[in-house]
Amino acid sequence: MTPDNSIKGRSVLITGGNRGLGREMALYLAKAGVKLCITASKDGKAYEDTSNELMAILGKDNFLGKVVDVSDSKGMESLTNDCIEKFSRIDVLVNNAARGMRLISETFNTVPTKFWEADTAAWSQIIESNIKGPFITAKYVVPHMIKNKFGKIINISTSSQTMIRKGYSPYGPSKAFLEATSRSWANDLEGTGVDVNVLLPGGATDTDLLPPSKNKKGADGNLLAPTVMNQAILWLVSDESNGITGGRFIGRFWDDLDARNDHKLQNPQIM
């Protein structure tokens, strides 16, 4: 898919944009010509390398990176203000930052941890990032979007099987909450010019959410490349998706769906 001209200069905020799916989407959108703000929960090589790579593509005037946890209300308020000050507006919010099951167990995908066996502190960290984080971020971004009568919120989710899979709590259920709240937000924002949609890969992806292994793969035996999100995120950020809200889009099936009418791209099948 070739981006339309609407994507050039569009201001995009991607939480957790320093690694994994966030990094891949950030690099792809940067090459398409957006202005980009990313967050990372901690400083380090991943954040520095990604920031340098994005800076090389965009230049310092079109890139802003900041180390801030998405569950930190004051930190995200400050980040939102910094992004608006630098780019004048935030057109798109990609709620990508999330913590996975490795906080519960490094062998979660081979030896399931029952929910009552989970460490309470680790459980809370996942909930803070995956449920509170998107809310906090949207809380500060949405009023600005409403004022501009335009905005796009894209919440990054997971496969339906993962939401209820044995040994995947609380990560899986946290994404079920995010999908339900996305539909609720879409209803709340009806008529404002702000669209809310869900995007997911359609299977396990080769990111740090899975433990490192010579035979790294998801529960279904497959492993998708992070690039699986690229065509879908490009479309969702562009004007081609304007007015489409409350949808659930699956990157894995994008090539098949792309041949259809754009307004039929909402894919309800269970993945």
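The values are calculated or read from the model by the stated rules, or taken from the named source; none is laboratory data. Small disclaimer: the values here were computed from a predicted structure and weren't measured. So basically every Cβ, Gly included, is an ideal-geometry build from the backbone, and we count neighbours across all protein chains shown. The accessibility values were calculated without ligands, DNA or RNA, using every heavy atom of the protein model including side chains. Shrake-Rupley method; radii C 1.70, N 1.55, O 1.52, S 1.80 Å.
Numerical summary
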item	result
Choice from Gly191, Gly20, Gly251 showing the highest fluctuation, given a GNM over the chain with Cα pairs closer than 10 Å	Gly191
Simple Cβ-charge dipole of the chain, Lys/Arg +1 and Asp/Glu -1, about Cα centre, in debye nearest 20	220
In order through segment 60-66: 3J(HN,Hα) via Karplus (6.51 cos²θ - 1.76 cosθ + 1.60), integer Hz, x for Gly, Pro	5, 6, 10, 9, 9, x, 8
Taking the chain and dividing mean pair separation by its residue count, relative contact order in percent (alpha carbons under 8 Å, at least six apart)	19
³J(HN,Hα), Karplus 6.51/-1.76/1.60, whole Hz, each residue of segment 190-205, x for Gly, Pro	4, x, 8, x, 9, 9, 10, 9, 10, 10, 9, x, x, x, 5, 10
Relative contact order of segment 127-209, pairs being alpha-carbon contacts under 8 Å that are 6 or more residues apart, as %	38
Convex hull of Cα atoms in segment 1-96, direction-averaged projection (nm²)	5.7
Highest-MSF residue in the chain out of Trp254, Trp116, Trp185 [GNM, Cα springs under 10 Å]	Trp116
Lysine-lysine proximity count for segment 117-229, Cα under 24 Å, sequence distance 8 or more or distinct chains	15
Over 35 Å [Cα-Cα, the chain], rounded percent	10
Relative packing of peptides 129-138, 40-49, 59-68 - highest average C-beta neighbours within 10 Å first	129-138, 59-68, 40-49
Selection from Thr245, Thr137, Tyr171 lying farthest towards where the dipole of the chain points positive, charges on Cβ	Tyr171
Segment 28-171 - percent relative contact order, Cα under 8 Å, separation 6 or more	27
Cα-based Lys proximity count in segment 1-95, under 12 Å, for pairs eight or more positions apart or on separate chains	6
Of Ser174, Ser11, Ser124, the one that fluctuates the most in a GNM where the chain has Cα springs shorter than 10 Å	Ser124
Expected 222 nm ellipticity per residue - DSSP helices of 4 or more, -39500 (n - 2.57), all of the chain, to 500	-11500 deg cm²/dmol
Centroid-to-centroid separation of segment 170-197 and segment 53-100 [C-alpha atoms, Å]	20
Residues in segment 125-163 that a label on Glu190 would reach, taking backbone N under 11 Å of a point 7 Å out along Cα→Cβ	none
Per residue accessible area of the chain, 1.4 Å probe, in Å²	46
